[in-house]
């Protein structure tokens, strides 16, 4: 089999280099009958795709005071303080404050009903961050996490 492939290769090499080779055609051995099996055609199932109802609207970063929330929709920077992070992860509601100035309370943070996301409401805007991303930031595996907002 290797010898037959080598002859084909040599013939192609001669043809591509411009030299016409007058060799007899290479015989390819026939496939054994028991190797040929009829397989049923593959059936593909297609599903209509649906767009996500969330779009990226900022990032969440660990800072010395807590989790800082940077929003593309708001020029202010918000923070969930270190002393409130454990309570939120346990299921309690805690306050979101402004990072700069007098640390005025501007919103609330809590776990989602399924526990798979951190939900943050600031004014009329409702942000969400996947819990796996929040935990990766808290553990130090990731530097930042994406913050999403509903469309």
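Read-outs: derived from the displayed coordinates by stated rules, not from any lab. Everything numeric here is computed off the predicted structure, so don't read it as measured data. For neighbour counting, all protein chains shown are included, and Cβ atoms are generated from backbone atoms with ideal geometry for every residue, glycine included.
Rank-order 44-53, 6-15 by packing density, defined as the average count of other C-beta atoms within 10 Å over each peptide's residues, highest first.
6-15, 44-53
log₁₀ I(q)/I(0) of the stretch 54-150 at q = 0.19, 0.24 Å⁻¹, via Debye over equal Cα point scatterers, no solvent, to two decimals?
-0.83, -1.45
7 Å from Cα along Cα→Cβ at both residue 45 and residue 132: what's the point-to-point distance in nm?
If labels sit at residue 45 and residue 132, their model points lie 2.3 nm apart.
Kindly put 103, 59, 143 in sequence by how many other C-beta atoms sit within 10 Å of each C-beta, fewest to most.
143, 103, 59
Subtract the Cα-Cα distance of residue 100 and residue 53 from 0.36 nm times their separation in residues, and report this length gain in nm to one decimal.
The residue 100-residue 53 span can extend by a further 13.8 nm.
Run the simple label-point estimate for residue 125 and residue 82 please: 7 Å along Cα→C-beta, distance reported in nm.
Placing both labels 7 Å beyond Cα along the Cβ direction yields 2.7 nm.
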